[in-house]
Every structure is written in C-alpha cells, then in structure tokens.
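Okay, so here's the structure we're looking at.
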Amino acid sequence: MNPKSIAFHHFGCKVNFAEASTLSRQFQENGFEVKNFHEQADVYVISTCVVTTVAEKKCRAAIRQAHKINPKARIAVIGCFSELKPGELSQMEGVDLVLGHSGKFRLFEELLKINQPGNNIDIETPEHEYHGGLTIPVQCGSDAFIPSFSYGDRTRSFLKIQDGCDYYCTYCTIPLARGRSRSDTVENAAKNARTILSNGIREIVLTGVNIGDFGKQSGESFIQLIRSLDQLDGMCRIRISSIEPDLLTNEIIGFVAASAHFLPHFHLPLQSGCNKILKAMHRKYSRELYSSRVRKIKELMPFACIAADVIVGFPGETDDDFSETVEFLKGLDISYLHVFTYSKRDNTLAAKMEALVADKVKKDRSDILHKLSDAKKQQFYLQNHGRQAMVLFESDHSHGFMHGFSENYIKVKTIFNPEYVNRIVPVKLENLEEDGYLVNIAL
C-alpha cells in the first residue's frame, strides 16, 4: 500500500484543532491529498479528547466509522485519549498507530514506518510519575513546547501559544494527558501570527490549555504577549480564548479595552457559583473574585461578550449548592453558558469522592442552566439591538445565507455574496431572529 490521501477528524478543544491543522499541512507538503473524513482515504487520523465519557464514546465511534468506510486504510489515533489509554485503543479493529501528545508530531514518520513490509501496529506507552496523589504520564520532551496554528481551514486561525496545565483540578484529566504547563516565546508567537496574517487570515484566536499561564517558565507573561501582538500591522482581529479568572488581571482587561486589535470577548470558566464546590474542585478563586472580573469587564466594555463554563452534578453538590449557583448566575452580567455534566474520570481525585449526584438530577440541573443560558443570550443580543457592528463573514453557504461574527461574538447572517467572504463589514444590528441577526448590507 502506498498511501496518498489522508483524512483528519478532531474532537475537543481548539488546541486539538490547531495541532491537527498543522499536521495536515505537513502531509500536504509531502504530496498527500487531504480529504473529508467521510470520504474514502488511505489514512485516517483521529485526534482524541477525554474531557467526558461522551467525548471518549465519540472517539471510538469515529474509529469504527473510518474502518467501515475503508477497511484497508491505516488508522492513527492521537491526542489525549491515546496518552491515557493507549492499550485500550490499540485493541480496536483497524487501529494501526496510537500516539500520545509526546509522539503525535512524529505522525508522518511513524506512518511511514508502519507502512514498511512486516510492520503493523505501533503503540506509544508513556512512563509515569507520582504527583499530588495522582499517577501522571511523564511525556518525552514534556518541557518542550511545539507551536501549532490553523489556516486554510476557516476564516479565523487558532494560534496555540501554550500547552499543559499545573492546576490539577479534582475533576480534570487534562494535566494527566497533556503534562505540565509550557508555552511559546513572545517572539515566536508573534512570528507565527505574522505568518498567519500573510496568508490572508483576518482573525486570530489565541488558544492553549491554560493561556493565562503563558511564559511562566521563561520569565515572560501573557500581558507581554498581547502587547506584542497588538503591534501587528494590517487589519486583523485577535480573540482571547478561555482564560482562568484568577489569571485575568485588571491590567489585561484594561489593555483589551484600549486595544486596536483585541476584541471585547471573554471566556471565563466558572464551574460553580458555590464556594464550597469551588473548593472541592480545587479551583483557585472564589465566586467573589469571579464576579469582580465580570464587573471590571463590563465597566470598561459595556457591550463585551462574556461566556462562562459551568459543571453540574459534581460529587457532593446538593440542591442548595446548585440553587446558589443558579442565583449567582442570574445576577451576573454574562452573555451565555457552556454547561457540562460532571463525568467521572479515572485517576482524578474527584473519582474517589462520595455523595454522587444521580443522573436524573444532573440532567434536570443541566436543563435548568441551558434555559438560563438561552435567556442570557437573548438579553445580550437585545442589548446590542440598533448598534453598528463590524462582522467578519465566513465562507459557509447555507440555504442562501452566509454567517459571520461581530467583535463581541454576535452571530450575524446575510444573503450569500462571495465578495463578503473573509471581509470585515460594517452592519447595523436591527433584525433579530432566533439564530442571530439578519442584516442587509449596502457596501
């Protein structure tokens, strides 16, 4: 078999997407045709996630799907699931290569190896060390940061500036899978940003596992990074992806408010509005600190978009604890929620906790927060009614319409016109529909 076509499928975070995009370009540069995952290809690469049991199930389903589409294809499984459970994945029918985070950037070389006569499945099994009551994989080169970014995939680019995490929240396996916190340098991140912009991309999203930790090993800092990126030439927009509340300082908020390029859009993980649960989760802030960050953002940027992550059904979360979270969220001037149902993860401290919450109760709580999120989003959109917005339109074409997002992440659609693709267009937010604003554009 002489493979010449490859298909990628990624699950989980924007970091996974940036890394998969970088790997995809490597194969293109070596003569491979990159196909849609649902098409027949010689090689399928599945970049996995282990945040929840649902994510793991989806990863397994994708492996089965790839094998069904082309039983003769090579299947490589990379990423977080591969790092934590390589043996389990290697037993799945059709899987030829399993690489964790320490090896996935050798994907091209490893696929060439297993394509040699007599070679078959290759599994990378990590060594481990003991830390804080947990057994954690010791990744080869875990102190090294491997930069990644996407382009050619979407109108915006995801630029990976940081990897790994030192927080060890009691419910989370990400530090186990991705290792300790490490990051790019300011100089190299700015260089990659310039490369992205030179390819016609108008918007960059800074991504990582814990981006507020940027530079802790090198003596640099996140504020130094964004100051440097704000000096980029040309018409570009920069978004900050999820950042921990304790690492989002007033200095950073003030800088974004005055910036020429950074957008008024924040993603602040909350996880719970109850201090008792935050402490049990080993989060590094209180609800009081969180609300102070929201107030500061809105003080300087009244129309800023603020998204919050919330976990329901954490072990020990009582009805009163959940009610405390609901009331706290109702009083916060946030724009919408990402609601997650607690999922037991092996080798985490929360997995040993008692007082588990019943599945039915978790579902009911999730439904309540989803409804609250819808109400928050509707209110946020109405607050912006009548305002002018600058919208970057994407290339999608669905039922005669195209879509884009404003600076503060309001979804806008208009009648499809190829001239608007990858352009930042001024619009007036006047016609609010269920899925966003419908605008008429007169350039």
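The values are calculated or read from the model by the stated rules, or taken from the named source; none is laboratory data. As the structure is a computational prediction, the values presented were derived from the model and not from experiment. We place every Cβ from the backbone using ideal geometry, glycine too, and count neighbours over all the protein chains shown.
When residues in region 327-367 are screened for being among the hydrophobic types (A, V, I, L, M, F, W, C), over 15 Å from Leu270 (Cβ atoms) and part of a helix (DSSP H, G or I), 4 of them pass.
Out of region 355-396, which residues are within 18 Å of Ala308 (Cβ to Cβ) and polar (S, T, N, Q)? Of everything in region 355-396, those that are within 18 Å of Ala308 (Cβ to Cβ) and polar (S, T, N, Q) turn out to be Ser366, Ser373, Gln378, Gln379, Gln383.
For Tyr437, indicate whether it is under 26 Å from the mean Cα position of the chain (by Cα), assigned to a strand (DSSP E or B) and either surrounded by fewer than 16 Cβ atoms within 10 Å (Cβ to Cβ) or among the aromatic types (Phe, Trp, Tyr) (or both). Answer is yes for this residue. So, Glu56, is that one more than 24 Å from Leu112 (Cβ to Cβ), part of a helix (DSSP H, G or I) and over 24 Å from the mean Cα position of the chain (by Cα) or not? Here the answer is no, as Glu56 does not meet what is asked. You will find that of Ala355, Ala350, the residue that is out of contact with any strand residue (DSSP E or B) (no Cβ under 7 Å at 6 or more places or on another chain) and on the phi > 0 side of the Ramachandran plot is Ala355 and no other.
May I ask you to verify whether Ile277 is under 22 Å from Tyr167 (Cβ atoms), part of a helix (DSSP H, G or I) and outside the structural domain of Thr170 (by TED's automatic domain parsing)? Even if it seems obvious, please write down each step before you answer.
Values: under 22 Å from Tyr167 (Cβ atoms): yes; part of a helix (DSSP H, G or I): yes; outside the structural domain of Thr170 (by TED's automatic domain parsing): yes.
So Ile277 passes the test.
Looking at Ala189, Ala177, Ala193, just one residue is in a helix (DSSP H, G or I), farther than 20 Å from Leu225 by Cα and more than 13 Å from the chain's Cα centre (by Cα), and that residue is Ala177. For region 1-33, a residue qualifies if it is surrounded by fewer than 16 Cβ atoms within 10 Å (Cβ to Cβ) and closer than 27 Å to Gly208 by Cβ, and the qualifying residues are Gln26, Gln28, Glu29.
If you go through region 216-240 and keep only what is in contact with a helix residue (DSSP H, G or I) (Cβ under 9 Å, 6 or more places away or on another chain), modelled with pLDDT under 95 and either buried (at least 18 other Cβ atoms within 10 Å of the Cβ) or of a type in the set (S, T, N, Q) (or both), you end up with Ser218, Gln231, Cys236.
For (1) outside the structural domain of Thr155 (by TED's automatic domain parsing); (2) farther than 26 Å from Leu337 by Cβ; (3) assigned to a loop (DSSP other than H, G, I, E, B), each residue gets a yes or a no:
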| site | (1), (2), (3) |
| --- | --- |
| His403 | yes, no, no |
| Asn408 | yes, no, yes |
| Lys413 | yes, no, no |
| Pro426 | yes, yes, no |
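Can Asp364 be described as touching a residue at least 24 places away in the same chain (Cβ under 8 Å), surrounded by 13 or more Cβ atoms within 10 Å (Cβ to Cβ) and outside the structural domain of Glu203 (by TED's automatic domain parsing)? No; evaluated as a whole, the condition is false for this residue.
Identify the residue in region 1-53 that is assigned to a strand (DSSP E or B) and touching a Cys at 6+ places or on another chain (Cβ under 7 Å) and, among all such residues, is modelled with the lowest pLDDT.
Taking region 1-53 as the starting set, the residues that turn out to be assigned to a strand (DSSP E or B) are 5-10, 33-35, 43-48.
Now drop any that are not touching a Cys at 6+ places or on another chain (Cβ under 7 Å), which leaves 46, 48.
Details: Ile46: 93, Thr48: 87.
Top of the filtered list is Thr48.
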